[in-house]
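I have placed the structure first, in the form of structure tokens, so that the comments after it can refer back to it.
What follows draws every value from the coordinates through simple rules; no lab data is involved. Being a predicted model, the structure only gives us computed values, none of them experimental. Cβ sites come from the backbone with ideal geometry, for glycine too, and all protein chains shown count toward neighbours.
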């Protein structure tokens, strides 16, 4: 569009132009109207005067025409000489013949060639021509013609025009001076206000003020109101800035990430926590949308799910995943609320990183699982303790009588061989009870040089009875494999866990589990592929299966506690973690090799130590030590007291059996010097072995006491020593152990 040059002018220029143009136009219109009216009125008056004069001449010239006296007619025309502006006149007959004339001196006649027969009055340049008919009784006799010079009249009009121009010039000067005054008093303050307003708008500087005017008119009040408005806006902006800074400070101090975005997902505001959590600067985030950081958000689905369901003022909690600048993601909980500002709608959200919460919940679940497992183990332990006590009491007479038969030289060799098998089975049963107590953590784990071949074989026998017959167990046990420093229960646990893991890997319920034990010597060159080991001899236990195998990701986490690829009904994910912990504690290493579809192979390396010393072996094979002494034997099981009495009496001792601890205390109280040694059970009705021992030691402080127990939570070797008990034996007690214990305490008397 073409711009109007006038509208772009400043008020400083517009005002004088408007005033001058207005005055000029007014004066021109007034002058023109005046001159036009003056000329019209003057001409009308002149025509009227000349017409009257012409009528008088016509009336007086009637007789001259009747009598054809042109002299009289000329005399009548001569009267016109009194009028200086009248230059010439004439009387014409009715047929147009010139009858009489009058010409001012120095003029040349300029009669019209033909005179109209009727009255006329015409202006030609500076000349007025007028014709007045001469009539008598309705008959036209002739025509009076008059010519008037208008030069004087025109000169007067020119003088009036010049005067009007002078008046116009003076008026314009006055208008210009007035505009300057108005400009100073009215437009200049407005111009200053306009300049000041533009400065405030462009610079946002509300500290400036317009100069205060002395006048109290509208302009003065306008300036005062404008300054007051600036003061109020400055206060409002200061309060707004303070509020904004306070809001910004609160946002930046918030522990959660703050986001404000419009319906298109464009961020309008974020806080420092949002920048820190995502790794972007504030400027970068304000150029992004929610879809750039929300790993789960899709534009249409986001609009439908969030904008379609939210109501202003009704917050909701959503869960999602945010993506950092480096591409990593983390779970978030977002508290969102819809904010309505006029026709605009914004979504305000507080996002909280819940990674730690989820980890805590996961840890809580693990702890709860551990607690449940511990409670199970506690219950199993309680049950195992009761079973162990009763089972050991049953094993004691079996093992004891078996040993008595073997000690009988008159017994048949075939019978001895069979009894030897009974004793061997009883020994294995004893170890099994010990393992049960170890698994239930009801027994201390003592590390000692151990040949693990029997433990492995025993574990495989137990495993064979607990897995389907469709799974074949192959074993290759090297009898010459050296001993390791270990606890038999934990070795048993390693074998059982690895084999259980192996057969559970075979989904079809059929396959092969191979177990091998051999001795391997590792040199420095072998250690590169076996991190954590040193050069030396190792017992190598290998458990291999023909199952489904594992992928690399599973192999990385195979030994993590509670990590399992099995269902809840098949395991807790603790088995391999326990194996790993035991092996590491023994200074060994466990390696695993597997490929999907090709099964898995677990290789356990345990350092080999010296075998059982020859002295220990000889000690076991020595004849039973005999002796002399009086023994009080206390046990609530009659079979055990009978067996013990028979065995100890065979060794030369005098034995007083007693199945009631109260009765035993009474016998001792009657004569404390009657007995040299007391052998007592721990768990008995009415009175425990510990309480009986305290009472006996009160009566005789130097009394040697040997305590035997199948299982007791309240008693162990350390506690027994603190009570003053000399020897603590676990049931079932072998004949060698009991004979050596009695002989040892008597020799220390």
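Table for the structure above
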read-out: If the convex hull is drawn through the Cα atoms of segment 68-152, its volume per residue in Å³; value: 100 Å³
read-out: Whether segment 621-747 is rounded, prolate or oblate, judged on the alpha carbon gyration tensor where a/c under 1.5 counts as rounded; value: rounded
read-out: Between segment 628-679 and segment 81-150, the alpha-carbon center distance in angstrom; value: 192 Å
read-out: Two-site FRET efficiency, residue 721 against residue 448, from Cβ-Cβ distance with R₀ of 22 Å, rounded to 0.05; value: 0.65
read-out: Taking N as its residue count, the alpha carbon Rg of segment 636-693 over 2.2 N^0.38 Å; value: 1.10
read-out: Whole-angstrom gap from segment 533-552 to segment 231-280, using each part's C-alpha centre; value: 60 Å
read-out: Two-decimal Rg to Rh for segment 11-158 - Kirkwood Rh, Cα set; value: 1.24
read-out: Neighbour-count order for 633, 24, 651, 696, fewest beta carbons within 10 angstrom listed first; value: 24, 651, 696, 633
read-out: Estimated FRET transfer efficiency when R0 is 45 angstrom, pair residue 40-residue 198 (beta carbons, to 0.05); value: 0.25
read-out: Kirkwood-type radius of segment 254-353, with distances r between different C-alpha atoms, in Å; value: 13.5 Å
read-out: Footprinting exposure proxy for 743, 335, 107 (fewest neighbouring C-beta atoms within 10 Å first); value: 107, 335, 743
read-out: Debye intensity ratio I(q)/I(0), log10, segment 254-295, q values 0.27 Å⁻¹ (C-alpha model); value: -0.94
read-out: Ascending count of other beta-carbon atoms within 10 Å, so fewest first, for 401, 319; value: 319, 401
